[in-house]
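Have a look at the structure below before the remarks.
All of the numbers you see were taken from the coordinates with simple rules; none came from a lab. What you see is a predicted model; the values in this text were computed from it and never measured. Positions of Cβ are backbone-derived with ideal geometry, glycine not excepted, and every protein chain shown enters the neighbour counts.
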């Protein structure tokens, strides 16, 4: 078993012969999807944003997760730090990603959104993009390659969104949560819920 935390992007690319895309229709569809943000949601987000702006450079990883990422992600109804594993090209990988969105009520069953890698702004340990991508590869196997897999990693105030389809992945430009990008981040999380609901309903019909 090799932990998600042990990988780098370079190792994942080489080991699994991954293609890194400059653009992706799957990612573009996600990033440009439409979802409404209510006045109440805007007010709550702005209050969290003020706290982030004040403390982001001082928080450690856990403080960032508890004080900002967790509350924002709570709107998306996600599982946190649930262990899972799988085999990709005869290599067993596993770990406890910081978060995932999956079908299931009391425990995650079918993962669709992989998985936050929360990192503090300064001196992060490990490669958060690689941790997210390693978990996405396992999720893809668990989904039997039937759907694209979505992901995100966070370093301080910067959010990057990721998609994986077959052996090609794409990473978005950074969205800065201390700026107006926060509303875009929230919109994309709501769009993600719509996409995942479609996948879950498709599974239920088969």
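List of remarks:
- Degrees, to the nearest 10: 181-205 long Cα axis against longest axis of the chain: 40 degrees
- Per-residue Cβ neighbour counts within 10 Å put 23, 172 in the sequence 23, 172, beginning with the fewest.
- The stretch 2-201, relative contact order in percent, only Cα pairs under 8 angstrom and at least six apart counted: 26 percent
- Among 47, 3, a tally of other beta-carbon atoms within 10 Å of each Cβ gives an order, fewest to most, of 47, 3.
- Computed over the alpha-carbon pairs of the chain, the distance histogram in 10 Å steps reads 8, 37, 38, 15, 2 percent, short to long.
- Directionally averaged shadow of the stretch 1-56, computed from the convex hull of its alpha-carbon atoms, nm²: 7.4 nm²
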